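Everything below concerns the one structure shown next.
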Amino acid sequence: MIKEDIGFTEAGKFEETRFEKIHNVIFESSQEASLLVAQEIANLIQRKNELNEPCVLGLATGSSPIKVYEELVRKHKEEGLSFANVVTFNLDEYYPIDKNDIQSYYHFMHEHLFNHVNIHPENINIPDGQVSAEELQQYCIDYEMKIISYGGLDFQLLGIGRTGHIGFNEPGSHVNSGTRSITLDHVTRIDAASSFLGIDNVPRKAITMGIGTVRNAKRIVLLGWGISKAGIINKTIEGEVSSQVPATYLQEHHNTTFVLDTEASSELTRVKTPWLVKSCVWTDELKLKAVAWLSELTKKPFLKLTDKDYNDNGMSSLLTEEGTAYDLNIKMFNKMQQTITGWPGGKPNADDTYRPERSTPEKKRVIIFSPHPDDDVISMGGTFDRLVEQGHEVHVAYQTSGNIAVSNEEALKFAEISKALHPDSKMSKKIIEFLQNKTGNEIDSLEVRKLKGLIRRSESLGATRYLGLPDSNVHFLDLPFYETGTVKKNNLSDADIDIMCDIIERIKPHQIYAAGDLADPHGTHKVCLDSLFEALKRLKHNSFMDDCWVWLYRGAWHEWESYQIDMAVPMSPDQVLKKRHAIFYHQSQKDGVMFQGDDSREFWVRVEDRNRLTAEKYHNLGLADYSAIEAFKRYIF
């Protein structure tokens with residue numbers, strides 16, 4: 001099989017450069033890319049079937065391949081794709097873990113693929129997380145030998161971890177390593193913590209195919225989605241081969257393709273600084289991106305950049321097009337200056353020609369969509385405050401209950417208070433009994449989930465009241481896709497989108513604010529954003545939508561790059577404190593929040609640092625010096 005079999009070169013964006021050492025293609029969305037990967041796998045299965053040969057697939061788990069598996073299942077059910085000739089070997093499994101545990105990769109593969117296709121059970125091979133310690137070494141040898149007995153893997157599907165691991169081959173793995181047990185890197189365990197409801201529940205060991213096993217596959221496709229993977233993707237594709245980034249060993253494989261979405265590709269040289277690679281078509285956005293990059297590189301504000309700065313850093317063609325550095329600097333300075341406004345809802349009776357928002361109508365109807373019950377104040381608390389203070393009709397719509405992020409200890413505390421107030425309450429007793437006897441990763445009962453959701457609701461109302469919003473303008477949507485009681489959510493459905501359409505139709509907003517995080521295609525923020533985008537598609541033909549503008553904010557982990565920002569809302573020191581206090585109302589998410597990630601800072605600390613750094617970036621570009629800035633990007637639908 002060759003790299004062009006599924007039309008990657010035509011369908012995706014691929015322009016090989018001297019910086020890149022692995023073939024890669026970039027797609028606008030992970031959905032589009034996943035369909036093409038599934039098509040390649042389907043083509044291989046059919047070709048092998050015609051030859052009356054087994055098709056030996058190496059399979060991966062995690063969020064990255066889910067859409068690939070969904071498409072393969074669809075092809076089986078709707079197009080008759082048969083898996084009767086397919087033999088699979090999974091990359092890895094936690095150790096020790098029961099195969100029936102919902103966090104096991106055995107469970108994952110059956111839930112997403114094997115239970116829905118006609119693969120023979122004896123052809124499914126997944127490392128056994130229950131093999132005894134005494135038998136483990138021989139078990140790994142046998143697993144390796146079984147792969148070899150089939151002539152190796154015809155196709156290996158991979159994801160990539162933030163440490164650069166493939167499978168569970170952590171930094172330090174040898175190029176010729178085979179199937180073996182391994183101790184998991186701390187970063188890997190942190191990344192898995194949300195699935196296990198806390199890092200303490202994540203196994204410390206795993207069984208994994210080795211680097212050598214993977215590299216013996218005839219064809220390798222690695223999937224990379226989201227901004228959180230951008231840095232390691234850059235190191236893997238453009239860096240030197242190193243055991244510290246195990247995925248770099250794939251540079252030495254003759255038939256590997258990295259399939260990326262735009263966010264994951266954002267640190268590649270040809271994407272981040274294309275003028276260093278080729279002749280550019282200098283769009284307005286690319287000009288701003290280039291000048292902002294040059295300003296940061298030279299540590300000079302826009303207005304101090306010289307012709308020499310441009311020429312010395314591969315941007316002479318931009319000067320040829322624009323004339324002089326002086327003219328270009330002023331143009332870009334004005335463009336950034338015009339993003340700054342203290343009036344996020346538009347300034348009444350003002351010339352709005354160069355302002356990010358319209359001056360009319362003077363009082364706007366606004367919906368702030370918040371994926372979880374605290375994203376509104378964490379990500380745009382200062383702007384929220386400004387919109388209320390400036391007299392706009394602000395509505396907050398919490399898209400999910402956020403109940404899974406409330407710890408058992410927090411829920412038990414509230415249940416015990418309820419029992420103390422109402423000693424005869426059967427509900428309180430039932431909840432307390434469940435929480436005191438809950439084991440492992442047992443799914444919360446409906447009563448416990450309701451209590452945890454109510455905790456999040458009460459915290460949200462405390463914050464919105466503090467910011468002066470009436471309770472009648474606070475909406476709890478409880479989108480059904482989220483309400484599973486587990487980290488794994490359901491797919492977006494018409495029921496979710498109908499709820500979104502309903503609130504938009506009722507309020508008829510002039511502004512919509514929404515979380516624009518695209519890091520995980522199956523993460524709650526991304527699914528909530530998709531629900532909005534689908535609702536906008538359905539409603540865009542309504543006349544009231546002609547006056548509706550959509551502004552995207554980002555969460556606590558990432559901020560828009562300076563050249564991407566369309567509206568920057570400065571905050572005074574007093575507003576920073578007010579935003580902090582609004583965040584404090586979400587008490588269940590303080591002091592060791594369940595889904596902390598690898599950042600030990602509390603949400604209010606990391607978001608204050610982010611807002612401060614955004615203000616510093618603006619100042620370093622030569623603009624006014626503010627204490628903090630919240631940033632937004634306009635979405636045109």
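General observations
- Distances between placed amide hydrogens fall under 5 Å for Val87 paired with Cys55, Val56, Leu57, all partners being 5 or more residues away or on another chain.
- Taking the average, over residues, of other Cβ atoms within 10 Å as the packing measure, peptides 320-328, 287-295, 336-344 rank 287-295, 336-344, 320-328 from highest down.
- Computed over protein heavy atoms with a 1.4 Å probe, the accessible surface of the chain works out to 42 Å² per residue.
- Alpha-carbon Debye profile of the stretch 413-455, log10 I(q)/I(0) at 0.14, 0.30 Å⁻¹: -0.29, -1.14
- In the stretch 126-212, the portion of solvent-accessible area held by carbon and sulfur atoms comes to 50 percent [1.4 Å probe, whole percent, DNA, RNA and ligands not counted].
- Split the accessible area of the stretch 297-437 by element, probe 1.4 Å, and carbon with sulfur accounts for 51%.
- Percentage of interatomic Cα-Cα distances in the chain larger than 32 Å: 55 percent
- Electrostatic dipole magnitude of the stretch 376-484 [Cβ: Lys, Arg +1; Asp, Glu -1; Cα centre; debye, to 20]: 320 debye
- What the Cβ-Cβ distance of Glu505 and Lys299 gives, at R0 = 51 Å and to the nearest 0.05, is a FRET efficiency of 0.55.
- Between Lys364 and Glu393, the built amide H atoms are under 5 Å apart, and every one of these is 5 or more places off in sequence or on another chain.
- The slack between Ile443 and Val241, meaning 0.36 nm per residue of separation minus the straight C-alpha distance, is 68.4 nm.
- Taking Glu50, Glu40, Glu534 and ordering them by how much accessible surface each has at a 1.4 Å probe, largest first, produces Glu50, Glu534, Glu40.
- Between Lys540 and Asp98, the FRET efficiency from the beta-carbon distance, with R0 = 56 Å, is close to 0.70.
- The Cα atoms of the stretch 432-507 define a convex hull whose projected area, averaged across directions, is 6.7 nm².
- List Trp604, Trp282, ordered by accessible area with a 1.4 Å probe, largest first: Trp604, Trp282
- Given charges at Cβ of Lys, Arg, Asp, Glu: the chain dipole, positive-most of Thr360, His586, Ser458: Thr360
- Comparing His107, Ile211, Ile378 along the charge dipole axis of the chain, the residue lying farthest to the positive side is Ile378, per the Cβ-charge model.
- Note on Gln251 and Ser82: the extension gain reaches 57.5 nm, defined as 0.36 nm multiplied by sequence separation minus the Cα-Cα distance.
- Every helix of 4 or more DSSP H residues in the chain counts as -39500 (n - 2.57), and over all residues that averages to -12000 deg cm²/dmol at 222 nm.
- Put a dot 7 Å past the Cα of Leu577, heading toward its Cβ, do the same for Glu122, and the two dots end up 7.5 nm apart.
- Among the listed pairs Lys67/Lys218; Lys304/Lys331; Lys430/Lys488; Lys67/Lys450; Lys21/Lys235; Lys452/Lys590, those whose Cα-Cα separation exceeds 21 Å are Lys67/Lys218; Lys430/Lys488; Lys67/Lys450.
- Amide H contacts of Leu222 (H built 1.01 Å from N, under 5 Å, at least 5 apart or other chain): Leu158, Thr257, Phe258, Val259
- Among the trypsin sites (Lys or Arg not before Pro) in the stretch 169-220, those located in a DSSP loop and surrounded by at most 16 other Cβ atoms within 10 Å of their own Cβ are Arg204, Lys218.
- Along the stretch 199-210 the Karplus relation, 6.51 cos²θ - 1.76 cosθ + 1.60 evaluated at θ = phi - 60°, assigns HN-Hα couplings of 5, 5, 8, 7, x, 8, 10, 7, 10, 9, 4, x Hz to successive residues, with x for each Gly and Pro.
- Phi angles across the stretch 393-405 convert, under the Karplus curve 6.51 cos²θ - 1.76 cosθ + 1.60 with θ = phi - 60°, into 3J(HN,Hα) values of 7, 9, 10, 10, 10, 7, 6, 10, 6, x, 5, 5, 8 Hz, Gly and Pro given as x.
- Placing R0 at 30 angstrom, the Cβ-Cβ distance between Leu51 and Asn176 gives a FRET efficiency of 0.50 after rounding to 0.05.
- Each DSSP beta bridge with both residues in the chain is either parallel or antiparallel, and the antiparallel ones are about 35%.
- Exposure of Cys501 as accessible area (Å², to 10), given a probe of 1.4 Å and all protein chains: 10 Å²
- For the chain, size of Cβ-based charge dipole, Lys and Arg +1, Asp and Glu -1, in debye: 900 debye
- Per the Kirkwood formula applied to alpha carbons, the stretch 105-237 shows a radius of gyration over Rh ratio, Rg over Rh, of 0.95.
The values are calculated or read from the model by the stated rules, or taken from the named source; none is laboratory data. All figures in this text were calculated on a predicted structure; none of them were measured in a lab. In this analysis, Cβ positions are derived from the backbone assuming ideal geometry, glycine residues included, and neighbour counts consider all displayed protein chains. The protein model used for the area step is the full one, side chains on, heavy atoms only, and it has no ligands, DNA or RNA in it. Shrake-Rupley method; radii C 1.70, N 1.55, O 1.52, S 1.80 Å.
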